[in-house]
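*Asks:* One structure follows; several queries about it will come next.
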Amino acid sequence: MQTRRVIGMLAAAMVIATWSAARPVRAEDTPTAPTDAKVAVDPAELLKPVSERFANTLDGPSPSFRRHVIPMMSRMGCSGRACHGSFKGQGGFRLSLFGYDFKTDLDAILASSEASKVDSRVNKADPDESLILLKPTLGVKHEGKQVIQEDKWQYNILRRWIANGAHDSGEDYGAFDRLEVYPREMVFEKAGQKVQLKVLAHWADGTVENVTDLTRFRTNDDSVAEVDEFGVVTCKGPGDSHIVAFYDNGVAPTPVMLPVSNQSGKRFPAVPTPTKIDELIVEKLRKVGIVPADVCTDAEFLRRVSIDLTGTLPTPQQITAFLDDTNPGKRARKIDELLETPQYAAWWTTKLCDITSNNAQELNDRNFRSEQSRQWYDWIYKRVATNVPYDKIVEGIVMAKGRTSDDQDYVAYATEMSSYLKKDHPADFADRETMPHYWARRNMKKPEERALSFSYAFLGVRLECAQCHKHPFDQWTQQDFQHFQAFFEPIRFGAPVGDDKDDYKRMEREMEEAAGYDKNSKTNTKKKLYAEIKKRVADGEPVTWQELYIDQRKPTQLSEKQIEALKKKGKTIPGRVLTPKVLGGDEIVQSYADARTPLMEWLRSAENPYFARAWVNRVWANHFGRGLVAPADDMNLANPPSNAAVLDYLADGFRSHGYDMKWLHREILNSDTYQRSWMTNDTNRLDERNFSRAIIRRLPAEVTWDAIAQATIGTDRQDRIRTDVEDRAIGPMSGLVTGGKSSGVGYAMNIFGKPERETVCDCERKTDATLLQTIYTRNDREVWTQIDGKNGWITELRNAAKKNDSAAIDRDALIREVFLRTVSRMPTADEVAEARKVVAEDNPIDGTRELLWVMLNTKEFIVNH
């Protein structure tokens with residue numbers, strides 16, 4: 001502990017006080033190393049740049065393979081994709097991509113050392129004759145360019161390491177702990193200014209080392225700032241972004257910004273901050289000189305919050321009542337009111353079904369795919385409607401099993417599954433404690449597929465890269481992925497095993513005999529078998545249901561011979577049974593009957609950096625059109641939040657409030673930040689990452705379909721279509737409707753970007769405007785059918801006009817109604833004057849129909865603002 005305190009003091013002495021210059025290290029900042037220090041190097045020496053410490057070839061400290069050699073080779077590009085880090089390597093020499101696998105890299109470097117003293121990559125007897133020195137200096141032919149010079153520190157590190165025996169001294173020095181970058185934040189005053197970053201690596205033995213010269217750097221926005229290979233940051237223009245440092249397994253982002261106006265710091269105007277979110281948002285806006293927009297109008301707020309929270313437009317009656325309400329607390333009351341509606345439960349159930357990939361076409365049981373997709377939806381809907389905590393919903397999915405109790409035999413299980421689909425008085429699947437269909441998808445058969453889906457859905461983390469190599473922008477290695485994948489190895493979905501297998505086979509024979517099914521017959525009798533299965537299920541009788549279970553058998557330890565045979569077939573084999581290990585945590589050494597148990601415990605733990613934050617970020621992205629981390633499902637260290645303080649505040653609050661989803665919605669929606677206008681000022685016109693204004697965004701596909709229906713439906717059916725979610729696009733049909741159809745709701749969902757729920761990516765939902773969308777709202781027969789439908793508003797007006805004198809029709813009232821139905825606001829005086837030209841006195845109904853069509857094709861209708 002004493003060592004850690006002393007080194008911590010030394011690290012603090014290196015902090016850059018301002019962006020302009022580093023504060024010099026004073027004598028009192030650099031005490032001598034304590035007697036119990038685990039390293040023989042003076043700690044003050046470790047804080048000098050590596051280029052200075054290894055400037056001399058002959059004397060000085062011995063380089064570490066893990067701390068110096070491999071990071072330096074990675075920084076020079078040797079382990080990059082275009083060089084020796086490629087899949088096949090270069091010139092017979094292959095390194096791990098980005099230099100994450102120390103043992104493999106050491107073996108590769110030393111591979112020819114013992115066999116040859118002449119053509120050896122590492123020649124311990126005569127270091128200067130080592131190919132690892134000759135090739136990068138062009139001492140011998142090298143297909144790559146010259147990357148080091150003989151009189152430079154990079155050469156000295158390699159040579160001294162070879163001369164000292166070319167050892168891997170990782171165990172002597174301890175494991176990498178964390179990375180720190182100074183200054184912690186860069187706020188520039190003008191373009192062209194520069195600052196030198198300093199990067200400190202903290203190790204498990206308590207030492208701290210200046211590794212700036214061994215660090216790779218990247219800018220997340222080169223229009224704001226650039227960074228060179230030495231860590232010198234140059235301000236390029238106004239805005240804010242991050243500079244990211246990469247060393248060993250550490251990834252550290254540092255905020256960088258140049259105010260976009262002179263209204264920053266002390267010159268920033270007074271802005272009300274009624275909520276904690278507002279305080280934190282405005283604190284960042286003050287630094288970057290962005291003045292937030294005013295709070296939006298009541299009409300804009302009502303439309304926006306209704307769409308974001310319920311996927312539903314407000315009715316004309318709701319709009320006028322809200323506008324007439326003079327109570328200052330009406331916005332908070334409206335949020336509470338919407339949270340209790342069936343539309344809220346339907347829309348957020350659809351959101352959860354998107355994330356968990358509820359797609360009927362991907363479910364295993366071909367006879368009941370649609371029914372099981374509906375069961376999935378209903379199970380989540382019931383819990384959202386009753387505000388079951390988010391972690392409990394996730395637990396019911398993650399910890400799901402087929403059988404509802406340990407003592408339930410297979411026949412009882414099969415009977416239970418049929419009971420949910422029987423014709424008369426079916427049981428309610430939503431009453432089950434767990435929901436097993438998540439694990440029963442055809443694209444979830446392999447452990448690696450389950451690991452990817454789980455990390456995407458519940459952690460907001462993309463692990464695809466780590467399947468094969470070190471993640472380029474995060475800390476995950478291939479071994480991390482394999483350890484994490486081990487949690488999902490025992491999960492099985494299929495026919496029962498053990499003693500229950502006999503009951504399964506017996507049922508199978510009985511159904512085949514009853515259906516006259518002969519698997520050897522050329523005549524297709526499978527249809528008869530499927531019909532028999534459906535008949536029995538309709539009667540509530542047991543059939544051969546597959547089930548989700550945990551395989552309790554120990555995984556087989558493969559022999560070396562078996563491993564080599566599988567590798568020849570192209571299989572990726574870890575070579576040993578891996579212990580489950582949570583991302584960024586420890587291996588699970590305790591024995592569990594179900595490996596998902598410690599996984600669920602880890603999700604709930606306060607130390608988990610992803611679970612609460614991932615859901616908070618997705619909710620924020622829904623309400624603002626952009627997550628605090630964007631994309632919302634890519635929470636990696638090199639992609640930091642635009643406002644980390646807000647994400648931390650909401651994640652901590654979400655956790656401390658028992659994962660109460662309604663608390664989270666209220667906390668966000670009641671803020672001025674959410675209620676900002678879309679109208680811009682000179683400072684926030686280009687801002688899309690600091691939430692200084694509302695971003696105009698296209699309606700989601702499901703909301704667009706429903707909004708057209710709501711705008712065109714008859715008055716007496718408006719409340720019904722709003723509250724009865726059974727046939728709504730935001731409702732149960734969301735998992736059944738797929739794109740690609742030539743007409744109908746499936747076609748509309750496709751062109752407006754509804755996700756197919758086939759891949760683990762939020763990018764499946766498309767939000768871009770396209771020509772097909774314009775053609776659809778202008779000319780598609782489905783739109784005209786809704787406008788002229790027998791239950792539509794225009795038909796209602798025609799029928800009323802037949803009974804009464806059309807001359808008595810209030811044209812201004814019709815114009816107001818059209819605006820309220822489509823863009824959720826009253827028309828301006830100029831708009832009324834223009835609309836009167838369309839809603840002519842001699843034919844007001846046809847004019848109203850024309851105006852309704854026009855408003856359905858305005859940008860204002862198709863966007864949320």
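The values are calculated or read from the model by the stated rules, or taken from the named source; none is laboratory data. Here the structure is a predicted model, which is why all the values come from computation and not from measurement. All Cβ positions, even for glycine, are placed from backbone atoms using ideal geometry, and neighbour counts span all protein chains on display. Remember, those area values only see protein heavy atoms, side chains included, never the ligands or the DNA or RNA. Shrake-Rupley method; radii C 1.70, N 1.55, O 1.52, S 1.80 Å.
*Asks:* If Arg798, Arg462, Arg304 are ordered by their accessible area, calculated over protein heavy atoms with a 1.4 Å probe, which sequence runs from highest to lowest?
*Replies:* Arg798, Arg462, Arg304
*Asks:* Also, quick follow-up: What figure, in Å² to the nearest 10, do you get for the accessible area of Ile696 with a 1.4 Å probe and non-protein molecules left out?
*Replies:* 70
*Asks:* Turning to a different aspect of this structure: Take the Cα radius of gyration of segment 341-488 and divide it by 2.2 N^0.38 Å, with N its residue count; two decimals is plenty.
*Replies:* Values: Rg = 17.0 Å, N = 148, 2.2 N^0.38 = 14.7 Å.
The value comes to 1.15.
*Asks:* Turning to a different aspect of this structure: Which net charge results when you count Lys and Arg as +1 and Asp and Glu as -1 among the other residues whose beta-carbon is under 11 Å from that of Arg303? Kindly include the intermediate steps, with their values, before the conclusion.
*Replies:* Values: positive: Arg304, Arg825; negative: Asp298, Glu300, Asp308, Glu860.
Taking every other residue near Arg303 into account, the sum is -2.
*Asks:* Also: Rounded to the nearest 20 Debye, what is the dipole magnitude of segment 278-416 about its Cα centre when Lys and Arg each give +1 and Asp and Glu each give -1 at the C-beta?
*Replies:* Dipole size: approximately 300 debye.
*Asks:* Skip the ligands, DNA and RNA, and give the accessible area per residue of segment 352-461 with a 1.4 Å probe, whole Å².
*Replies:* Result: 37 Å² of accessible area for each residue.
*Asks:* Ignoring any ligand, DNA or RNA, what whole percent of the accessible area of segment 588-679 comes from carbon and sulfur when the probe is 1.4 angstrom?
*Replies:* Solvent-exposed carbon and sulfur of segment 588-679 make up 54 percent of the total.
*Asks:* Provide the convex hull volume over Cα atoms per residue for segment 340-403, in Å³.
*Replies:* Output value, Cα hull per residue: 90 Å³.
*Asks:* Step by step: find N for segment 412-455, compute 2.2 N^0.38 Å, then divide the Cα radius of gyration by it. What's the final number?
*Replies:* Its radius of gyration relative to the 2.2 N^0.38 Å reference: 1.51.
*Asks:* Report, largest value first, the span of the C-alpha coordinates of segment 290-408 along each principal axis, in whole Å.
*Replies:* Principal extents (Cα only, largest first): 60, 35, 26 Å.
*Asks:* Given the protein chains as shown and a 1.4 Å probe, how many square angstrom of Asp687 are accessible, to the nearest 10?
*Replies:* Per-residue accessible area (Asp687): approximately 10 Å².
*Asks:* Can you tell me the relative contact order of segment 349-404? Whole percent, Cα pairs under 8 Å, sequence separation 6 or more.
*Replies:* 31
*Asks:* With unit charges on the beta carbon (Lys/Arg positive, Asp/Glu negative), name the residue among Thr822, Val838, Asn799 whose Cα is farthest towards the positive pole of the charge dipole of segment 773-853.
*Replies:* Positive-most Cα among the choices belongs to Asn799.
*Asks:* What percent does the relative contact order of segment 614-659 come to when contacts are Cα pairs within less than 8 Å and at least six residues apart?
*Replies:* On the way: 36 pairs, mean separation 14.6, N = 46.
Value for segment 614-659: 32 percent.
*Asks:* Rounded to whole Å and sorted largest first, list the principal axis extents of the Cα atoms in segment 709-865.
*Replies:* In descending order, the Cα extents are 57, 30, 26 Å.
*Asks:* Now for a different question. What's the ranking of 495-501, 292-298, 422-428 by average number of surrounding C-beta atoms within 10 Å, highest first?
*Replies:* The densest-packed peptide leads the list: 292-298, 495-501, 422-428.
*Asks:* At 1.4 Å probe size, what's the solvent-accessible area of Trp153? Round to the nearest 10 Å².
*Replies:* The accessible area of Trp153 comes to roughly 40 Å².
*Asks:* What's the Cα-based Rg to Rh of segment 198-245, Rh via Kirkwood? Write out the running numbers ahead of the final one.
*Replies:* Details: Rg = 12.9 Å, Rh = 11.8 Å.
Ratio of gyration radius to Kirkwood radius for segment 198-245: 1.10.
*Asks:* Taking a 26 Å limit on the Cα-Cα distance, which of the listed pairs Lys401/Lys446; Lys401/Lys422; Lys152/Lys190; Lys334/Lys766; Lys382/Lys527; Lys103/Lys124 fall beyond it? Provide the component values of the computation, followed by the final result.
*Replies:* Numbers: Lys401/Lys446 17 Å; Lys401/Lys422 21 Å; Lys152/Lys190 34 Å; Lys334/Lys766 29 Å; Lys382/Lys527 35 Å; Lys103/Lys124 19 Å.
Pairs exceeding 26 Å: Lys152/Lys190; Lys334/Lys766; Lys382/Lys527.
*Asks:* Now, a different point. Calculate what fraction, in whole %, of the accessible area of segment 787-865 sits on carbon and sulfur atoms when a 1.4 Å probe is rolled over the protein chains.
*Replies:* 50
*Asks:* Assuming a ≥ b ≥ c are the square roots of the Cα gyration tensor eigenvalues, decide whether segment 197-331 counts as rounded (a/c under 1.5), prolate (otherwise, with a/b larger than b/c) or oblate.
*Replies:* Working: a/c = 3.07, a/b = 2.40, b/c = 1.28.
Prolate, since a/c reaches 1.5 and a/b exceeds b/c.
*Asks:* Cα centroid distance between segment 653-710 and segment 358-436, in Å?
*Replies:* Value for the Cα centre distance between the two parts: 33 Å.
*Asks:* Order the peptides 761-774, 212-225 from the highest to the lowest mean number of other Cβ atoms within 10 Å of their residues.
*Replies:* In decreasing order of mean packing, 761-774, 212-225 become 212-225, 761-774.
*Asks:* Over segment 687-738, with the other protein chains present, what is the accessible area per residue in square angstrom, probe 1.4 angstrom? Could the numbers behind the result be given before it?
*Replies:* Numbers: 1700 Å² over 52 residues.
I get 33 Å² per residue for this part.
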